[in-house]
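Reviewing the structure listed below.
The values are calculated or read from the model by the stated rules, or taken from the named source; none is laboratory data. Note that this is a predicted model, so its numbers are computed, not measured. In this analysis, Cβ positions are derived from the backbone assuming ideal geometry, glycine residues included, and neighbour counts consider all displayed protein chains.
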Amino acid sequence: MSICSKIAFLTLALAASLAAQETALDASNSVKIDLPSDAPLNLISTTMGDSRATSRGGAIVLDLHMGLTLRNSGGRHIRGVTLLITAQEFAPGGKGSVARPSIDVPPGENFTLPVDIRLVRPVRETAGPLVRVQLDGVLFDDLSFYGPNKLNSQRALTFWEVEAQRDRAYFRHALQAKGQPGLQQEILASIARQSDRPQLDVSLSRNGRAVGSIVGSAVPGTDRMAQFAFLTLPDAPVEPLEGWAMISGNEARSPQIEVLNKSARPVRYVEVGWLVKDKQGHEYLAGSVPASESVMVLPAGQHARLRQDTALKFTRAGRPIEIDSMTAYVSQVEFADGKVWVPSRRDLDSSPLLRVTAPSPEEQRLADIYSKKGLAALVTELNRY
Amino acid sequence: MTHPREHDLALLAGGEAGPVRRFLLGRHVRNCADCHRRISEYHEMRDHLAEIELPPDLAGANWNFLAAEMRANIRLGLEAGACVRTTQIPRRRNLRPAVAFACVLLLAGAAELLRDARPHRPATANSAPVLQSTVSGVELRDGPSSLTLLNHHGITVNQTVSARGDMEARYIDSDSGSVTINNVYLQ
């Protein structure tokens, strides 16, 4: 065999090997999409884009880039949708959700929801679809809800919708009170806050210490019980009384916060926002401490304790953030009748919360419209509904 | 009975054993017929040697002078040897120990590398499912398996975590301009 023949043979062998390692996925076999027959949504089409399965050593990597085109087949405007994603074969117990809040889809209109997933697992034979997509909930413009609600999507979609109504009203008021220059000033301030907002990378584990994939992400430290300081929001129906968490370096574990329902109505869900300050005085939104039970009842004037048995480890740009102090504030309350409370813009403005906390999905969307399409498009959008 | 050594008997016969040695050997020889006979043989040999005529050049030799000269030569030789020993002698460097040591180090290093590369059970702390924010999205890792909800087109996101055990990433879909919220749950 000549040298040229050998090179050609090796090239063909390499190409065959690569072809065996990477294959395009067949949508009909790899993904199962379940929509109830009585759902107010119809699946119009599914695209798989450049979804691929790749073999790497002893593992298989599945990159799914789907686009689900859905149609509002009901009679009301849809304000939000949540899909439940399960991949039980790949990560035991692993599930996720893809939600699209802050939308306004009239009856008969289509919209597309992207679902981008990466699954890594050891190579083994499996039967059936790799991923299952189910409808978990649909929220309508009158805040009514449809769906199995396995992920408490009704509550999440309702909170996002109430925040959206609050922020749309705020920017509309700025437009009415100060004209387009006033609206422009407000939206530019929002964009500046979003770009300046410090964010943390967090790893979270249950029943023990959090672990991180970043080498050197741990700060050696001794355990200490740290108490929360509280930001009191005047209009909040629930007041935090006392709370603490175990702190060790850049890790916080097992937060507990006692709250008092100071309203006249029973409450079935409370969530407390959690801020941490590092040794240099920088303050970050660490996360939230929700009620332990998905359904709780806290009568008027009664106490309850929010308790979670998880460990969170904080880093920023790969470096551990050593926790110096913690602050908490009531961020969400759901009453027994399904009505919800979120901090008002005045509450946010009169505290460091507006600077530290994430903007609502609607504020994020309005800022994006201004950035890409300009002030006129933002005004048109605010006048739509 | 233990007999004295041959050279002790020879020294006794020649009258060159020390006083204590001579006493002890003498007592043994008086009671031992064999050793007494060996002493007699040594005496006969000495008498015989004395009767032998020496060569002419040694006939008038001064034996004490010869002994002193020999002693001086021996000392001279010893001192010369000492001088030679203090001189640095360039020696050919022996690389074998270094090569052997390097081989041992190489073997130990390879063993360590192979030990780390071998698939093994992760530490207890790492075996629990972990939820974390990454550049590409929110990842749930459980041993060798992982589930990641990716940020569509890698757009900047706002990520928040709930101590209940879930993590959320929000991003603007560049196609539709709508906000999409991915959430991954730690079970």
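Summary table
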| read-out | value |
| --- | --- |
| Close pairs (9 angstrom Cβ cut-off, 6 or more residues apart or separate chains): in the same structural domain as B:His36 (by TED's automatic domain parsing) in the stretch B:5-17, surrounded by fewer than 20 Cβ atoms within 10 Å (Cβ to Cβ) and acidic (Asp, Glu) anywhere | B:Ala10/B:Glu16; B:Ala13/B:Glu41; B:Ala17/B:Asp8 |
| Looking only at the stretch A:95-109, and only at residues there that are part of a loop (DSSP other than H, G, I, E, B) and at the interface with chain B (Cβ under 7 Å from one of its Cβ atoms), the one that is nearest to B:Asp142 (Cα to Cα) | A:Pro101 |
| Scope the stretch B:135-149; condition in contact (Cβ under 8 Å) with a residue 12 or more places away in the chain and buried (at least 19 other Cβ atoms within 10 Å of the Cβ); matching residues | B:Gly137, B:Val138, B:Glu139, B:Leu140, B:Arg141, B:Asp142, B:Leu147, B:Thr148, B:Leu149 |
| Residue match in the stretch B:166-174 (condition: in the same structural domain as B:Ser133 (by TED's automatic domain parsing) and under 60 Å from the mean Cα position of the chain (by Cα)) | yes |
| Subset of the stretch A:232-245 [part of a loop (DSSP other than H, G, I, E, B) and either among the hydroxyl-bearing types (Ser, Thr, Tyr) or within 29 Å of A:Gln280 (Cα to Cα) (or both)] | A:Thr232, A:Leu233 |
| Residue within the stretch A:177-184 that is out of contact with any Pro (no Cβ under 6 Å at 6 or more places or on another chain), outside the structural domain of A:Ile33 (by TED's automatic domain parsing), hydrophobic (A, V, I, L, M, F, W, C) and over 30 Å from A:Asp337 (Cα atoms) present | yes |
| Single residue of B:Arg22, B:Arg38, B:Arg46, B:Arg27 found to be loosely packed, with under 12 Cβ neighbours inside 10 Å and out of contact with any Asp or Glu (no Cβ under 6 Å at 6 or more places or on another chain) | B:Arg27 |
| Residue, nearest to the other protein chains (Cβ to nearest Cβ), within the stretch A:43-72, restricted to residues that are modelled with pLDDT of 85 or more and exposed (fewer than 14 other Cβ atoms within 10 Å of the Cβ) | A:Thr47 |
| Residue in the stretch A:334-355 that is within 14 Å of chain B (Cβ to nearest Cβ), surrounded by 17 or more Cβ atoms within 10 Å (Cβ to Cβ) and under 18 Å from A:Val259 (Cβ atoms) present | yes |
| Residue check for A:Ala300: among the aliphatic types (A, V, I, L, M) and surrounded by fewer than 22 Cβ atoms within 10 Å (Cβ to Cβ) | yes |
| Complete set of residues in the stretch B:165-187 that are touching a strand residue (DSSP E or B) at 6+ places or on another chain (Cβ under 6 Å) and more than 7 Å from every other protein chain (Cβ to nearest Cβ) | B:Asp166, B:Glu168, B:Ala169, B:Tyr171 |
| Matching residues in the stretch A:251-274 - criterion: being among the aliphatic types (A, V, I, L, M), surrounded by fewer than 22 Cβ atoms within 10 Å (Cβ to Cβ) and either in contact with a strand residue (DSSP E or B) (Cβ under 7 Å, 6 or more places away or on another chain) or under 30 Å from A:Thr222 (Cα atoms) (or both) | A:Leu260 |
| Strands (runs of 3 or more DSSP E) wholly inside the stretch A:246-337 that include at least 3 residues being over 19 Å from the mean Cα position of the chain (by Cα) and in contact (Cβ under 8 Å) with a residue 40 or more places away in the chain | A:251-261, A:267-278, A:303-307, A:323-335 |
| One residue from A:Leu130, A:Leu119 being over 26 Å from A:Gly287 (Cα atoms) and assigned by TED's automatic domain parsing to the domain that holds A:Asp50 | A:Leu130 |
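Each row is one residue, and each column tells you yes or no for (1) of a type in the set (A, V, I, L, M); (2) under 30 Å from B:Ala128 (Cβ atoms); (3) crowded, with 16+ Cβ neighbours inside 10 Å; (4) at pLDDT below 90.
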{"site": "A:Ser144", "(1), (2), (3), (4)": "no, no, no, no"}
{"site": "A:Pro148", "(1), (2), (3), (4)": "no, yes, no, no"}
{"site": "A:Ala156", "(1), (2), (3), (4)": "yes, yes, yes, no"}
{"site": "A:Phe171", "(1), (2), (3), (4)": "no, no, yes, no"}
{"site": "A:Pro198", "(1), (2), (3), (4)": "no, yes, no, yes"}
{"site": "A:Val219", "(1), (2), (3), (4)": "yes, yes, yes, yes"}
{"site": "A:Thr222", "(1), (2), (3), (4)": "no, yes, no, yes"}
